[in-house]
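Reading through the structure tokens given below for one structure.
The values are calculated or read from the model by the stated rules, or taken from the named source; none is laboratory data. Here the structure is a predicted model, which is why all the values come from computation and not from measurement. In this analysis, Cβ positions are derived from the backbone assuming ideal geometry, glycine residues included, and neighbour counts consider all displayed protein chains.
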Amino acid sequence: MPELIRAKHAELNVVCEVPDTAHYLDNGWTRVADDTPVDADSRDLYDPADFTAEQVVAYLGNTTDPAEHERVQVAEKAGKARKTVLDWSAE
């Protein structure tokens, strides 16, 4: 299992710990100093990487906030980038 690094994502504008892999670093995550504070809000955010694609699509379908739809899809794109989640639309 890869080591975790403290990183910031430009589009999500949060600092959190992510796996130290090329996948994350190539998808918008930038390493920051280990003493950079982790955003408290980021611990409470729904992380699509923790769920199956079907669960993420169900979450999106049950969430009415367009900003949350966008945030989850940006997080998905920066993480697992599953087509089912990325292709989801509220319409």
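Could you tell me how many of the residues in segment 41-54 are within 18 Å of E11 (Cβ to Cβ) and assigned to a helix (DSSP H, G or I)?
Looking only at that region, the number is 4.
Residue-wise test of (1) farther than 15 Å from H9 by Cα; (2) out of contact with any Leu (no Cβ under 6 Å at 6 or more places or on another chain); (3) assigned by TED's automatic domain parsing to the domain that holds P2; (4) of a type in the set (F, W, Y).
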residue	(1), (2), (3), (4)
Y24	no, yes, yes, yes
T30	no, yes, yes, no
D35	yes, yes, yes, no
V56	yes, yes, no, no
E68	yes, yes, no, no
R71	no, yes, no, no
A78	no, yes, no, no
L86	yes, yes, no, no
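Where residues in segment 7-20 are over 22 Å from A67 (Cα atoms) and at pLDDT below 85, which of them is surrounded by the fewest Cβ atoms within 10 Å (Cβ to Cβ)?
Residue satisfying both the conditions and the ranking: E17.
For segment 29-45, how many residues are within 22 Å of V85 (Cα to Cα) and modelled with pLDDT of 85 or more?
1
When you look at A75, is it under 12 Å from the mean Cα position of the chain (by Cα), in a helix (DSSP H, G or I) and either aliphatic (A, V, I, L, M) or surrounded by 16 or more Cβ atoms within 10 Å (Cβ to Cβ) (or both), yes or no?
It is true that A75 is under 12 Å from the mean Cα position of the chain (by Cα), in a helix (DSSP H, G or I) and either aliphatic (A, V, I, L, M) or surrounded by 16 or more Cβ atoms within 10 Å (Cβ to Cβ) (or both).
Going by what's in this entry, would L4 be described as exposed (fewer than 13 other Cβ atoms within 10 Å of the Cβ), of a type in the set (A, V, I, L, M) and touching a residue at least 12 places away in the same chain (Cβ under 8 Å)?
yes
Step by step: first the residues of segment 54-72, then only those that are without any contact (Cβ under 8 Å) to a residue 40 or more places away in the chain and within 17 Å of N27 (Cβ to Cβ), then the one that is surrounded by the fewest Cβ atoms within 10 Å (Cβ to Cβ). Which residue is that?
E70
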